[in-house]
1. How large is the convex hull of the C-alpha atoms of region 51-129 per residue, in Å³?
2. Could you calculate the FRET efficiency of LEU71 with ALA24 from 1/(1 + (r/R0)^6), where r is the beta carbon distance between them and R0 is 25 Å, rounded to 0.05?
3. Pop out the carbon and sulfur fraction of the accessible area of the chain as a percent, whole number, probe 1.4 Å.
4. Once label points are set 7 Å from the Cα along Cα→Cβ at both ASP15 and ALA94, what is their separation, rounded to one decimal in nm?
5. If the elastic network links every pair of Cα atoms under 10 Å, which of SER70, SER89, SER130 fluctuates the most in the Gaussian network model of the chain?
6. Please report, in whole Å³, the volume per residue of the convex hull around the C-alpha atoms of the chain.
Amino acid sequence: MAAFSADATHYAVLDCAADADGVALRRAYHRASVRCHPDKPGGDAAAFRRVQAAWETLRDDGRRRDYDASLAAAAAADDVCVWCELRPSDFSRADDGVLEYACRCGGAYALEDEDLAGGGDVLLGCDGCSCVVRVRRGDARGGDA
């Protein structure tokens, strides 16, 4: 069995549609696990681990919802032109506790502590123009990792 590409989604790994219901997901998982099981002729241990990881995520409604949201965010990020990349330590804390960074237009990017609570990068729009910055996550208290 050929290895999956590094950017293959869990749906591609299981060879099923993103809107597949639980029954279809289970069937796809069983087909994929039999196809690449390391104990089967032509099996591939790395591919089998990818199948297992996909199944563990997609079989749980909450984890699947979070995964689908991350796919949507990644797709949206691909459609955005990012002016620059920043770190939380590039921001200054305002009197109201919000982290701010001045835009070249005179506007500002506002980063709240809740924005830093999740995983992944944050895209912020300027309050004065259409510029967008990507904030690379570091330490949630405002320092770099």
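1. Working: hull volume 9.6 nm³, N = 79.
Looking at region 51-129, the number lands at 121 Å³ per residue.
2. Working: r = 18 Å, r/R0 = 0.71.
Plugging the Cβ-Cβ distance into 1/(1 + (r/R0)^6) gives 0.90.
3. Details: 4250 of 8770 Å².
Using a 1.4 Å probe with all protein chains present, the chain comes out at 48 percent carbon and sulfur.
4. It is 5.3 nm.
5. Looking only at SER70, SER89, SER130, the largest GNM fluctuation is found for SER130.
6. Numbers: hull volume 19.5 nm³, N = 145.
Value for the chain: 134 Å³ per residue.
The values are calculated or read from the model by the stated rules, or taken from the named source; none is laboratory data. Please read these numbers as outputs of a predicted model, since none were measured by experiment. Don't worry about glycine lacking a Cβ; one is built from the backbone with ideal geometry, like all the others, and counts go over all protein chains shown. With ligands, DNA and RNA removed, areas are computed over all heavy atoms of the protein, side chains included. Shrake-Rupley method; radii C 1.70, N 1.55, O 1.52, S 1.80 Å.
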